[in-house]
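These notes concern the structure reproduced below.
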Amino acid sequence: MRTYLVTDHDRVVTCYISTWAVYRSGTASYPLDAFDPTLCTHAIYAFAGLDEEKNAIKSLDAWQDLKDNYGKGGFEKLTGMRAAHPHLKVLLAIGGWNEGSEKYSKLVANPERRQAFVKNALDFIRQYGFDGLDLDWEYPTQRGGTPADRENFVALVRELSQTFRKNNLLLTSAFGAGKDTIDAAYDVKALSKYLDFLHIMCYDYNGSWQGRISPNAPLTSRDVLNVEYTIEHLLQLGAPASKLVLGLPFYGRTFVSPVAKARLGDSSDKIGFSGPATKENGFMGYNEVCEELKRNPSDWMLEWDPAASEMVATKSNGTVSQVIVYDSTRSIANKVRFAVRQKLAGLMIWSVDTDDFNGLCAPEPDTYKDFGGTVVVSIPPPVSGKYPLLKTISNAVIVASDELTQENVIPDGPEEVPTTGPSAATLASGSSWLLGAVLFLVTARTL
């Protein structure tokens, strides 16, 4: 059975590229040349910033982004990939965590500044040939923001949308996934009117900062910090399923615990250990995790958590434990299955540069262990080679849709939403749900 591509189904697969990944050491360095456009419907170049004096978008790394002064021209390199891959849409993201919130709060509070930004943003997007803009303000009303951000953000999005739609450009936004953030920061129903897609960052629900070993992106949990609750809450607030794009983390959260053979729920230090290339406390890319497990398999105990749908890796010296809670291919497949059953627009990835893009790790044999039950479904072999997590997405879309068909529940595509501009239906690639594989009867929960 072949690996399916995004042109084999009608779901969105939106891929963020953290362009600073090129500066990572060794095999973790991620140049734009490593990006595979066949695996994504939309690519998002992250990040640009806000020029407060000019009310305009600015490059945060001119040498990496621009051609001026012998720069690498990253903007045009990524948009240039559309020539050979016409299905691909390329957006520019503005914001990100390091940009903060206060400057955006001040921008949206001033109608004149908003109007200037709309004009300048249009000029910037056109100049570098992007298909649209992704707003990644983290987060309205927080980190130096004000309660008025909630209403003012709608005003900015409405004004951008009016201009962008006239020019056949996409407008999307990243959304925090926690209930408190959603309720304080976003008028979901109003924003949904003007945005083409809502990219829901369904990760960082938990981390070492809590002093307890917890899943980064649990599918379910006993509280509201989980993927299923986030999506259900957004739907109840008026977001159409056809515009919701479920975010998947291609990384794990790390913990140091004073408990021997520590498990989920045990206490931990407030700072986790870092990966050798990403060098961020409490964070390891999937590529770093799988390479560590490959190098030192006997050091780590692996345990699957069925509620969170995440993998837990533990290394203990008898008194202290190191723990990584991360999304494996099985995690990704299960979340794709959830998205298909909820009729969401698709999936979003943060970020492709922490997948195993070099193909250094062994295939994971249990990817579809939770599929099937007593129905006939087509089970692909484990993904091998480059981009195992990313390739799992399209494969899992096909399998999950086939599973619904065999259950006599025909999966609808993303619902059509009337719009004067681009929509999920017109911008996502689509073709067939047909499978060309041998059918296996899956009657157990083991492969």
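Say whether the condition of being closer than 30 Å to Leu160 by Cα and of a type in the set (Gly, Ala, Ser) is met by at least one residue in region 214-237.
No, region 214-237 contains no residue that is closer than 30 Å to Leu160 by Cα and of a type in the set (Gly, Ala, Ser).
Of all residues in region 386-417 being at pLDDT 95 or above and not in a helix (DSSP H, G or I), which is surrounded by the most Cβ atoms within 10 Å (Cβ to Cβ)?
Checked region 386-417; the qualifying residue surrounded by the most Cβ atoms within 10 Å (Cβ to Cβ) is Tyr387.
Kindly indicate whether any position in region 282-291 is polar (S, T, N, Q), modelled with pLDDT of 95 or more and either surrounded by fewer than 22 Cβ atoms within 10 Å (Cβ to Cβ) or assigned to a strand (DSSP E or B) (or both).
Checking region 282-291: not a single residue is polar (S, T, N, Q), modelled with pLDDT of 95 or more and either surrounded by fewer than 22 Cβ atoms within 10 Å (Cβ to Cβ) or assigned to a strand (DSSP E or B) (or both).
Go through Leu78, Leu92 for me and flag whichever is under 25 Å from Ala116 (Cβ atoms) and either outside any loop (DSSP other than H, G, I, E, B) or touching a residue at least 12 places away in the same chain (Cβ under 8 Å) (or both).
Leu92
For region 348-396, which residues satisfy the criterion of being among the β-branched types (Val, Ile, Thr) and more than 18 Å from Arg24 (Cβ to Cβ)?
Within region 348-396, Thr367, Thr374, Val375, Val376, Val377, Ile379, Val383, Thr392, Ile393 qualify.
Out of Tyr104, Tyr139, I need the residue that is surrounded by 18 or more Cβ atoms within 10 Å (Cβ to Cβ), of a type in the set (Phe, Trp, Tyr) and either modelled with pLDDT under 95 or not in a helix (DSSP H, G or I) (or both). Which one?
Tyr139
When region 111-136 is examined, which residues are found to be among the basic types (Lys, Arg) and buried (at least 16 other Cβ atoms within 10 Å of the Cβ)?
Arg114
From the set of residues in region 212-235 that are farther than 27 Å from Asp353 by Cα, touching a helix residue (DSSP H, G or I) at 6+ places or on another chain (Cβ under 9 Å) and not hydrophobic (A, V, I, L, M, F, W, C), which is surrounded by the most Cβ atoms within 10 Å (Cβ to Cβ)?
Taking the candidates together, the pick is Tyr229.
What residue, of Val224, Val259, is in contact (Cβ under 8 Å) with a residue 60 or more places away in the chain and part of a loop (DSSP other than H, G, I, E, B)?
Val259
Only residues that are assigned to a loop (DSSP other than H, G, I, E, B) and either under 23 Å from Phe338 (Cβ atoms) or of a type outside the set (Lys, Arg) (or both): list them for region 267-281, please.
Ser268, Asp269, Ile271, Gly272, Phe273, Ser274, Gly275, Pro276, Ala277, Thr278, Glu280, Asn281
State all residues of region 292-322 that are outside any loop (DSSP other than H, G, I, E, B), in contact with a helix residue (DSSP H, G or I) (Cβ under 9 Å, 6 or more places away or on another chain) and aliphatic (A, V, I, L, M); if no residue qualifies, say none.
Once the filter is applied, which keeps residues that are outside any loop (DSSP other than H, G, I, E, B), in contact with a helix residue (DSSP H, G or I) (Cβ under 9 Å, 6 or more places away or on another chain) and aliphatic (A, V, I, L, M), region 292-322 yields Leu293, Leu302, Met311, Ala313.
Which condition number does Ala217 fail, the rest of (1) touching a strand residue (DSSP E or B) at 6+ places or on another chain (Cβ under 7 Å); (2) over 22 Å from Thr329 (Cβ atoms); (3) assigned to a loop (DSSP other than H, G, I, E, B) being met?
(2) is the only condition that Ala217 fails.
Can you pull out every residue in region 36-74 that is within 20 Å of the chain's Cα centre (by Cα) and buried (at least 20 other Cβ atoms within 10 Å of the Cβ)?
Leu39, Cys40, Thr41, His42, Ala43, Ile44, Tyr45, Ala46, Phe47, Ala48 - these are the residues of region 36-74 that are within 20 Å of the chain's Cα centre (by Cα) and buried (at least 20 other Cβ atoms within 10 Å of the Cβ).
Taking the condition farther than 18 Å from Thr14 by Cβ, surrounded by fewer than 21 Cβ atoms within 10 Å (Cβ to Cβ) and within 18 Å of the chain's Cα centre (by Cα), does Thr163 pass?
Against the criterion (farther than 18 Å from Thr14 by Cβ, surrounded by fewer than 21 Cβ atoms within 10 Å (Cβ to Cβ) and within 18 Å of the chain's Cα centre (by Cα)), Thr163 does not qualify.
Taking region 288-327, which residues are closer than 19 Å to Phe250 by Cβ and of a type in the set (Gly, Ala, Ser)?
Ala308, Ser309, Ala313
Among the residues in region 323-346, are any surrounded by fewer than 21 Cβ atoms within 10 Å (Cβ to Cβ), of a type in the set (Ser, Thr, Tyr) and either in contact (Cβ under 8 Å) with a residue 40 or more places away in the chain or more than 30 Å from Ala260 (Cβ to Cβ) (or both)?
No, region 323-346 contains no residue that is surrounded by fewer than 21 Cβ atoms within 10 Å (Cβ to Cβ), of a type in the set (Ser, Thr, Tyr) and either in contact (Cβ under 8 Å) with a residue 40 or more places away in the chain or more than 30 Å from Ala260 (Cβ to Cβ) (or both).
So, of the residues in region 1-29 that are polar (S, T, N, Q) and surrounded by 24 or more Cβ atoms within 10 Å (Cβ to Cβ), which turns out to be nearest to Thr392 (Cα to Cα)?
Of everything passing the filter in region 1-29, Thr14 is nearest to Thr392 (Cα to Cα).
Take region 312-350 and flag every residue that is more than 18 Å from Ala396 (Cα to Cα) and out of contact with any Pro (no Cβ under 9 Å at 6 or more places or on another chain).
Ala313, Thr314, Lys315, Ser316, Asn317, Gly318, Gln322, Val323, Ile324
List every residue pair whose Cβ atoms sit under 6 Å apart, with the two residues 6 or more apart in sequence or on different chains, where the first one lies in region 154-179 and is modelled with pLDDT of 95 or more and the second, anywhere, is surrounded by fewer than 21 Cβ atoms within 10 Å (Cβ to Cβ) and among the charged types (D, E, K, R).
Val154/Asp187; Leu156/Arg114; Glu159/Arg114; Leu170/Asp131
For Thr278, indicate whether it is surrounded by fewer than 24 Cβ atoms within 10 Å (Cβ to Cβ), in contact with a Phe, Trp or Tyr (Cβ under 9 Å, 6 or more places away or on another chain), of a type in the set (S, T, N, Q) and farther than 24 Å from Asn334 by Cβ.
It is true that Thr278 is surrounded by fewer than 24 Cβ atoms within 10 Å (Cβ to Cβ), in contact with a Phe, Trp or Tyr (Cβ under 9 Å, 6 or more places away or on another chain), of a type in the set (S, T, N, Q) and farther than 24 Å from Asn334 by Cβ.
The values are calculated or read from the model by the stated rules, or taken from the named source; none is laboratory data. Note that the structure is predicted; figures quoted are calculated from it, not measured. No Cβ is skipped: glycine too gets one built from the backbone with ideal geometry, and neighbour counts run over all protein chains shown.
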